[in-house]
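The values are calculated or read from the model by the stated rules, or taken from the named source; none is laboratory data. What you see is a predicted model, and the numbers here were worked out from it, not measured in a lab. With ideal geometry, Cβ positions are generated from the backbone for all residues, glycine too; neighbour counts draw on all protein chains shown. These accessible areas exclude ligands, DNA and RNA; they are computed on the full protein's heavy atoms, side chains included. Shrake-Rupley method; radii C 1.70, N 1.55, O 1.52, S 1.80 Å.
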Amino acid sequence: MVTPVAYPLPRWIAHRGGGALAPENTLAGFRLAARLGYRAVEFDVMLAADGVPVVIHDETLVRTTGQPGAVPDYSAAGLLAFDAGVTFHSAFAGEGLPAFAEVIALCAELG
C-alpha cells in the first residue's frame, strides 16, 4: 500500500498575480492575489541587459508597457521605469515592472 504524501503547496496558485483584475506580474497584482486569499503566485523572470532579474512574462515590452524593444535591450533601471499599469487600466497608472528582489520581498511580507 502506498502512503499518501501531503502536497506542500497551496491547491490554488494565482497565475501572474491578479489575473484579469490587475496588471500581470506586478506588485499590485500580487497584492490583489493575497487580498483574494491566494497563498501562492506564479510569475516570470527575465534578465535585463545588465544581468539584473526583472519580473515580466513577454520577451518584448509592447503588450505590457507599450514600449518598443525587448527586455534584454534595456538595463534594469530602464525597465523598472516603464509603466506596466496604464496599458492594463488607467487605475493602475504608475505601476512599474518590479525587480525580482522586490517580488521576493513582497511575497515574504505577505507570507
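Structure notes:
- 1.4 Å probe accessible area per residue over the chain, in Å²: 59
- Cα shape, the stretch 41-82, gyration tensor, a/c 1.5 rule: oblate
- Calculated FRET efficiency for the pair Met1/Ile104, C-beta based, R₀ 35 Å, to 0.05: 0.30
- Take every DSSP beta bridge whose two residues both sit in the stretch 1-99; close to 75 percent of them are antiparallel.
- Helix-derived mean residue ellipticity, 222 nm - over the chain, DSSP H n ≥ 4, -39500 (n - 2.57), to 500: -6500 deg cm²/dmol
- For the stretch 7-50, pairs of C-alpha atoms spaced more than 12 angstrom apart make up 56 percent of the total.
- Cα gyration tensor category, rounded, prolate or oblate, for the chain with a/c compared to 1.5: prolate
- For the stretch 30-111, with all protein chains in place and a probe radius of 1.4 Å, 59% of the accessible heavy-atom surface sits on carbon or sulfur.
- Its relative contact order, with pairs defined as Cα atoms under 8 Å and 6+ residues apart, puts the chain at 22 percent.
- Total formal charge among the other residues, if their Cβ is under 15 angstrom from that of Thr87, Lys/Arg +1 and Asp/Glu -1: -2
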